[in-house]
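Any read-out appearing in this document is the output of simple, stated calculations on the displayed coordinates, not a laboratory observation. Nothing here was measured: the structure is a model prediction, and the numbers come from that model. Note that each Cβ is placed from the backbone with ideal geometry, even for glycine, and that neighbours are counted across all protein chains shown.
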Amino acid sequence: MRPASREQTVTAVREFYAEIGRLPFKREWERAASARPCARTIERRWGWRVLLAEAIGVEPGQVDGAWDALVGERSHTMLAVLRAARDELGRWPIAEEWERSRRRPSRRSYVRYFGSWRDACLAAESSGDRTV
């Protein structure tokens, strides 16, 4: 089997977007189909946000807006906790220090929910001006 091309992967993201009405999170992309490259492969080859942005015709920095409709109460709470830690530290916490501090939700919960620690911090930053 040949590796999926960039165009095949962009098409698969567009199909997901058309069917579900929003962009996939990394964790659900992995579960949805085995015949396409995994999120880690996409990240390594082309960049996760870059490819998603290309699929829906926006700039990579605008990808968060495509996820806004999905962000529910639980994620708002998780993001508020992360922003509070940022305000306390004066910077975004490092994943390892989050684990050492035993804060809740766990770092692993953020990774499962948002795809990576970095993506969780980006989501917290982009949703920071909203009332929680």
Just Arg100, Arg14, Arg86 to compare: in a GNM of the chain, with alpha carbon springs under 10 Å, which one fluctuates most? Arg100
Using the Cα centre of the chain as the reference point, and only Cβ charges (+1 on K/R, -1 on D/E), how large is the resulting charge dipole? Debye, rounded to the nearest 20. 580 debye
In Å, what Kirkwood hydrodynamic radius results for the stretch 3-59 from the alpha-carbon pair distances? 11.1 Å
When the chain is treated as a Gaussian network with springs between alpha carbons less than 10 Å apart, the largest mean-square fluctuation among Glu15, Glu96, Glu28 is found at Glu96
With N residues in the chain, Rg(alpha-carbon) / (2.2 N^0.38 Å) equals 1.10
